[in-house]
Amino acid sequence: MRNTLAALALVAPLAVAGTTSAQEDPASPGTEEEDRHGHGDGDGNGNGNGNGNGNGHGDGHGDGHGHGDGHGDGNDSHDHRHILELGFAPGLVYLPSDRGFALGLHFHLVAGIPSTPLGLGLGVERVFDDHGHTTLSAVFQVQIIGGWSAIVAPGITFRDGEWEAPGPSVHFETVYEFAFGWFHVGPSLEVAIDSLESHITLGLHLGVGL
């Protein structure tokens, strides 16, 4: 019995010391927490479609998150500019002097000036009224925005049977075009001031880009 009590007396302090050491030792969790905070910075790179790059930094837990917002270059508007444009526009012509209507046809060929919204060309118009007259003109075109353009066309006008006595004229026209590949179509409005006979034309512009 004495031997047994002596053995317990020796073992008990060792067991108590081991338990206390295990409870007070912060090495494992503390070191793990420090490692996570001390070495847990991560870098993430995110790439979006287009030209956007995003950089993310993880703080505290070693997680890096990258977010990239990319915006590719896109062109939502139609390009209505061509090297050459061949246009044709049938229309209904109002003649104030006669207080009546007639049919009209307008043709033009316009060459676009590179890197500008401008174009130069030639135009021919025929109005099928009681007298009949034809206009030859120089065409100055400007692309305003999108499919909207304007034309100023000074020229000379001939009446049927009076080719030796032409009169000066100037035509103002605006067109809005809807493009379908090389083909475009849209409404047109023209005001023509002629020394022989002025008129207003509401037409349908049909064109082909070359």
Filter pass, Gly91 being surrounded by fewer than 17 Cβ atoms within 10 Å (Cβ to Cβ) and either modelled with pLDDT of 65 or more or part of a loop (DSSP other than H, G, I, E, B) (or both)
no
Name the pairs whose Cβ atoms lie under 6 Å apart, with the first residue in the stretch 114-126 and farther than 16 Å from Ala89 by Cβ, the second surrounded by fewer than 14 Cβ atoms within 10 Å (Cβ to Cβ) and not acidic (Asp, Glu), and 6 or more positions between them or separate chains?
Pro117/Val142; Leu118/Val142
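The values are calculated or read from the model by the stated rules, or taken from the named source; none is laboratory data. Computed from a predicted structure; not experimentally measured. Glycine gets a Cβ as well: all are built from the backbone with ideal geometry, and neighbour counts include every protein chain shown.
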